[in-house]
Amino acid sequence: MTTLRLLSASGELSDAALNDSGGYRRPTSPLRSRVAYAAAHVVPKAHADNTPGQPADIDWDATLAFRRNVYSWGLGVADAMDTAQRNMGLDAAATRELIARSAEVAREEGGSVVVGVNTDHVAETHISLEQVIDAYVSQLEFTEEQGAGPVLMASRHLARVATSADDYRRVYRAVLSRATGPVVLHWLGTAFDPELEGYFGSTEWQAASEVLLDIVQDDPSKIAGVKMSLLNAESEISVRSRLPQGVRMFTGDDFNYVGLIDESDSGHSDALLGAFAAITPVASAAIQALDAGDRDAYRRILGPTEELSRQVFAAPTFYYKTGVAFLSWLNGHQPAFQMVGGLHSARSLPHLSRIVELANASLALENPGLARERWHGMLKLNGIAA
């Protein structure tokens, strides 16, 4: 029996049987029952200066090949989002190049791509509301020029300068008036970015959601959907039930996505998830099961991945990108476990060991033999017998 060596938080070693891969098959036709995007990460050059504060030096071959792989499984790509280390190492120049290159790959592959629109190219920490609007519009126009769908991300600049809910209404309405097509609104919670405390004018989700819904209902034709990333299923279901017809709810809840995507009395969410970048074949197989009308198979396939996702997105949640890149490396999608800004060091070996254990259990290791070889090599490099 082939085994995986595992490492506990107390330093104890154990072994688990290495499972076969899920043997999932790529779809032969477009996925129908849900719209699903995987929020993709970036791969730096292994020899680059991947240390904190240095500009991103991207391995474009590996980064774009990852996106082609996502398309091959029938999912769309959400790019230049927080998973791609926006505000955590991906500088403005690299962000623009990523958007342009990713949009080109989407056209080549016939895939759907949406990308983040933010204000993070502005170096100043504090700017006026008018400057926030101008910064958003600058990125919005560039995104539309590339032919990608815009995702209006939460802005740290806006969170700093806004003094009321009306400030959020003013900024979003001004930016949306400049959009030439529908956009997705992204509500990112403080677990992902503590600097967004009080976004939409309140620290209470119930009050903040009223502001978000006001913005949506002001002109629903401008809104393709809402992506909620609060890690709170109750808040998502509440907002989802009040969205105008034709406006989708894209779950960004990496803790509770299995139930939120499934059909229920309250409807269902579509998906725009960092977790789906880590488990793309499994996510595709689950949605294919929904396409076939087999909800039991959907739950059986996707259900076990939620514990894995909870580990990847464990507090401090904003370091989840490390787990996404780690699984990408284990699954052979990048040559080295390296990240922009040195973020590959943001999780401990026992934390990564638990990811290995849960990925193995949920059949999320695409090539188990390769994953074992790479993981055991990493343990040995750190002085741990494997």
Handout entry: Conditions (1) touching a strand residue (DSSP E or B) at 6+ places or on another chain (Cβ under 8 Å); (2) in contact (Cβ under 8 Å) with a residue 24 or more places away in the chain: number failed by Q139
Key = (2)
Practice task
For E124, indicate whether it is farther than 12 Å from Y172 by Cα, more than 23 Å from the chain's Cα centre (by Cα) and among the charged types (D, E, K, R).
Solution key: yes
Handout entry: helices (runs of 4 or more DSSP H) contained entirely in segment 206-307, each with at least 2 residues that are more than 24 Å from R354 (Cα to Cα) and open to solvent by 40 Å² or more (accessible area, probe 1.4 Å)
Key = 233-240, 295-302
Exercise for the section: May I ask you to list the residues in segment 128-142 that are within 14 Å of L185 (Cβ to Cβ) and buried (at least 24 other Cβ atoms within 10 Å of the Cβ)? Expected result: Y136
Problem - Number of the exception - T190 against (1) part of a helix (DSSP H, G or I); (2) within 23 Å of the chain's Cα centre (by Cα); (3) more than 18 Å from L272 (Cβ to Cβ) - result: (1)
Problem - Selection count where residues are modelled with pLDDT under 95 and more than 16 Å from A17 (Cβ to Cβ), scope segment 354-386 - result: 1
Exercise for the section: Go through the residues of segment 148-164 one by one and say whether even a single one is basic (K, R), part of a helix (DSSP H, G or I) and either touching a Cys at 6+ places or on another chain (Cβ under 7 Å) or surrounded by 15 or more Cβ atoms within 10 Å (Cβ to Cβ) (or both). Expected result: yes
Problem - Any hit, segment 91-111, residues being in a strand (DSSP E or B), open to solvent by less than 20 Å² (accessible area, probe 1.4 Å) and at pLDDT 95 or above - result: no
Handout entry: Residues satisfying the stated conditions in segment 312-334, i.e. open to solvent by 40 Å² or more (accessible area, probe 1.4 Å) and part of a helix (DSSP H, G or I)
Key = F318, Y319
Completion exercise
Over segment 8-29, the set of residues surrounded by 15 or more Cβ atoms within 10 Å (Cβ to Cβ) and among the hydroxyl-bearing types (S, T, Y) is S21, Y24
Completion exercise
Scanning segment 335-386 for residues that are among the aliphatic types (A, V, I, L, M), buried (at least 19 other Cβ atoms within 10 Å of the Cβ) and free of Cβ contacts under 8 Å to residues at least 40 places away in the same chain gives L352
Exercise for the section: Being over 19 Å from D82 (Cβ atoms), of a type outside the set (A, V, I, L, M) and in contact with a helix residue (DSSP H, G or I) (Cβ under 6 Å, 6 or more places away or on another chain) narrows it down to one of T163, T180, so name that one. Expected result: T180
Problem - Selection within segment 35-50 - touching a Ser or Thr at 6+ places or on another chain (Cβ under 6 Å), outside any strand (DSSP E or B) and either of a type in the set (A, V, I, L, M, F, W, C) or open to solvent by 60 Å² or more (accessible area, probe 1.4 Å) (or both) - result: V42, V43
Exercise for the section: Kindly establish whether T125 is surrounded by fewer than 17 Cβ atoms within 10 Å (Cβ to Cβ) and not in a helix (DSSP H, G or I). Expected result: yes
Problem - When residues of segment 55-64 are limited to those that are assigned to a loop (DSSP other than H, G, I, E, B) and out of contact with any Gly (no Cβ under 7 Å at 6 or more places or on another chain), the one surrounded by the fewest Cβ atoms within 10 Å (Cβ to Cβ) - result: D57
Fill in the blank from the handout: Of R32, R68, the only residue that is surrounded by fewer than 21 Cβ atoms within 10 Å (Cβ to Cβ) and assigned to a loop (DSSP other than H, G, I, E, B) is R32
Exercise for the section: May I ask you to verify whether A174 is hydrophobic (A, V, I, L, M, F, W, C), part of a helix (DSSP H, G or I) and over 24 Å from the mean Cα position of the chain (by Cα)? Expected result: yes
Completion exercise
Subset of segment 189-205, residues charged (D, E, K, R) and open to solvent by 50 Å² or more (accessible area, probe 1.4 Å), comes to E195, E197, E204
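The values are calculated or read from the model by the stated rules, or taken from the named source; none is laboratory data. Keep in mind that this is a model prediction, so the values were computed, not measured. Because the Cβ atoms are built from the backbone with ideal geometry, glycine has one as well, and the counts that use them run over all protein chains shown. Note: areas computed on protein heavy atoms with side chains; ligands, DNA, RNA excluded. Shrake-Rupley method; radii C 1.70, N 1.55, O 1.52, S 1.80 Å.
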